[in-house]
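**Q** I am attaching a structure below and will ask some questions about it afterwards.
The values are calculated or read from the model by the stated rules, or taken from the named source; none is laboratory data. Worth saying up front: this structure is predicted, and the values here are computed from it rather than measured. Here the Cβ positions follow ideal geometry from the backbone for every residue, glycine too, while neighbour counts run over all protein chains shown. For accessibility, only protein heavy atoms count, side chains too; no ligands or nucleic acids. Shrake-Rupley method; radii C 1.70, N 1.55, O 1.52, S 1.80 Å.
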Amino acid sequence: MPLWFWILLWVALCALAIIFMALLGWRIFRQFMRTLHEFETAANRLGSGLQAEPPLAEPHHPRPAIFADPAALKQEYAVGKEQRREERRQRRVARREARGQRQSLRDLRLS
């Protein structure tokens, strides 16, 4: 075969390879952009559902209870426990309301 045929063949093969790589790169780029768009949509959907965190309560500084009255400490513990339980219930009710979920009758104090 003549030399010009081999040159033409290799030029055509290289051109096809370059075109194939360009098309493959374009396809990957479009899929990447579509994925980024889906991430943005999901982030907006999640961002609108989240609310600002409530301010943190002042840190609890434990005090030595060596000389304290045990009955008073027991009462203080019970009051604190009930207060924490009520705060958790209120957060749960608010969270379920924000998400549009059903409420527990026990949380709403209807049962």
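**Q** Under a 1.4 angstrom probe, counting protein chains only, how are Asp107, Asp69 ranked by accessible area, largest first?
**A** Asp69, Asp107
**Q** While we're here: So how tilted is helix 70-99 from the main axis of the chain? Cα-based, degrees 0 to 90, rounded to 10.
**A** 40 degrees
**Q** In debye, nearest 20: dipole of the chain around its Cα centre with unit charges on the Cβ of K, R (+) and D, E (-)?
**A** The calculated dipole for the chain is roughly 520 debye.
**Q** Order the following by accessible area, largest value first: His61, His37. Probe radius 1.4 Å; ligands, DNA and RNA are ignored.
**A** Details: His61 140, His37 105 Å².
I get His61, His37, largest accessible area first.
**Q** Let me ask something else. Leaving out ligands, DNA and RNA but keeping every protein chain, what accessible area does Val11 have, in Å² rounded to the nearest 10, with a 1.4 Å probe?
**A** Result for Val11: roughly 90 Å² accessible.
**Q** Follow-up. What are the extents of the Cα atoms of the chain along their three principal axes, listed from largest to smallest and rounded to whole Å?
**A** 109, 40, 21
**Q** May I ask you to list the chymotrypsin sites (Phe, Trp or Tyr not before Pro) in segment 12-111 that are in a DSSP loop and have at most 13 other Cβ atoms within 10 Å of their Cβ? Provide the component values of the computation, followed by the final result.
**A** Numbers: sites: Phe20, Trp26, Phe29, Phe32, Phe39, Phe67, Tyr77; in loops: Phe67.
Sites meeting the loop and neighbour criteria: Phe67.
**Q** Restricting to DSSP H runs of at least four residues, report the calculated mean residue ellipticity at 222 nm for the chain, -39500 (n - 2.57) per run over all residues, nearest 500 deg cm²/dmol.
**A** Computed ellipticity for the chain at 222 nm equals -25500 deg cm²/dmol.
**Q** Taking springs between alpha-carbon atoms closer than 10 angstrom, which of Arg27, Arg91, Arg63 fluctuates most in the Gaussian network model of the chain?
**A** Arg63
**Q** Are there GluC sites (Glu not before Pro) in segment 1-86 that DSSP puts in a loop and that have at most 13 other Cβ atoms within 10 Å, and which ones?
**A** none
**Q** What is the gain in length, in nm to one decimal, between Ile66 and Gln103 on full extension, counting 0.36 nm per residue of separation less the C-alpha to C-alpha distance?
**A** Going from the current span to full extension adds 9.0 nm.
**Q** Let me ask another. Taking 41 Å as R0, compute the FRET efficiency from the Cβ-Cβ separation of Glu87 and Gln31 and round it to 0.05. Before the final figure, lay out each step's value.
**A** Numbers: r = 46 Å, r/R0 = 1.13.
Here the calculated transfer efficiency is 0.30.
**Q** Where does each of Met33, Met1 land when they are ordered by accessible area, with a 1.4 Å probe and the largest first?
**A** From most exposed to least exposed: Met1, Met33.
**Q** Let me ask something else. Keeping all protein chains in position, work out how much accessible area Ile19 exposes to a 1.4 Å probe, and write it in Å² to the nearest 10.
**A** Per-residue accessible area (Ile19): approximately 90 Å².
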